[in-house]
Amino acid sequence: MRIDFENDLKTELKKVSSEMGIKISFKNDLHQILLDYLTIRLKIIDIKVREIKFNPNFFIQLFNHPKEKEIQKICQLASIGGNLNIFQSKRLLQSRFHDHLSSEWNIYHFHLSLKIEKSGFVKQGNQLLFAYIDENQVIFLGTDTHKDGIFGDTKWIEILHDHFPKAIEKYKNDSILDIHPKLNAKERQMLWNKGISMGFTKIRDTIYSNPGIGRMTSGHSMDVSRTTMEIMRWIRKLKLQLEESSKEICELLNIPENKSEFGIRILEKMELYEKTSGIKILEFPQILVEKENIK
């Protein structure tokens, strides 16, 4: 029985990264590769149809907005599940570029231009459109200029709190009464730039846990760091389980033990499979049942 999950995962990540145009160094160890890959993957908006909503105050302004055409194009793409990533920063695919507002609060910003450059992204302008995006919905919050502190401004979260409370209801933290120190937008942005973040945000009289948890001093999202460690533990646990239960698993799959080869692949999800048969066994973060229960 042959097992080399680390090499499998490196190969799969290299293939997926190439398909998506993600540029990371594969000379690093698997832990760093995962950190870099997941950092970029977190910033990429999946192409899928979502429900479209608007901040009511922004919707009133929309039809007299100087960037109405650009905003309408982005809204149209969102409504049909089009590619919104071309409106993001052209540094999107760089692992050292951290978009704190999106990694902390799922709030993305789009450059309001229709001119696509050689990079594949639209021309980077001073006018930005902000939107909260999760698996099921896109909530267009409003526009502002690219200025100091704009990404640390809690006004975007206040819009969610006031008009779309259900979108962030699960992040409410009733066990904390207040947070310190009190930060304005520029101070919050300054802390982010220095690799420091807070795990909570106060909006009106409500404390919210930041969906992205916060970031490490390296700049990586805490969520990315946690997922990286979970994947590393997962492949080590599976290797131990397979070494202990290879006979039982091969009998279950009707594969000769001396010809079996287990690996990790990435299709829609990361999964354990048997290579000679192509049989999928389980998905991350599932593990095998105990040896005595396999039969």
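Name the one entry in LYS23, LYS73 that is surrounded by fewer than 21 Cβ atoms within 10 Å (Cβ to Cβ) and assigned by TED's automatic domain parsing to the domain that holds ASN193.
Only one candidate qualifies: LYS73.
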Scan of segment 136-158 for residues that are part of a loop (DSSP other than H, G, I, E, B), exposed (fewer than 13 other Cβ atoms within 10 Å of the Cβ) and out of contact with any Asp or Glu (no Cβ under 8 Å at 6 or more places or on another chain), ordered by number | LYS147, ASP148
Odd one out for MET232 among (1) more than 22 Å from ASP99 (Cβ to Cβ); (2) assigned by TED's automatic domain parsing to the domain that holds ILE107; (3) in contact with a His (Cβ under 9 Å, 6 or more places away or on another chain) = (2)
Every residue from segment 2-12 that is touching a strand residue (DSSP E or B) at 6+ places or on another chain (Cβ under 7 Å) and either among the hydrophobic types (A, V, I, L, M, F, W, C) or in a loop (DSSP other than H, G, I, E, B) (or both) | ILE3, PHE5, LEU9
How many residues does segment 1-39 contain that are under 18 Å from LEU93 (Cα atoms), hydroxyl-bearing (Ser, Thr, Tyr) and free of Cβ contacts under 8 Å to residues at least 12 places away in the same chain?
-> 2
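The values are calculated or read from the model by the stated rules, or taken from the named source; none is laboratory data. What you are looking at is a predicted structure, and each value in this text was computed from that prediction instead of being measured. With ideal geometry, Cβ positions are generated from the backbone for all residues, glycine too; neighbour counts draw on all protein chains shown.
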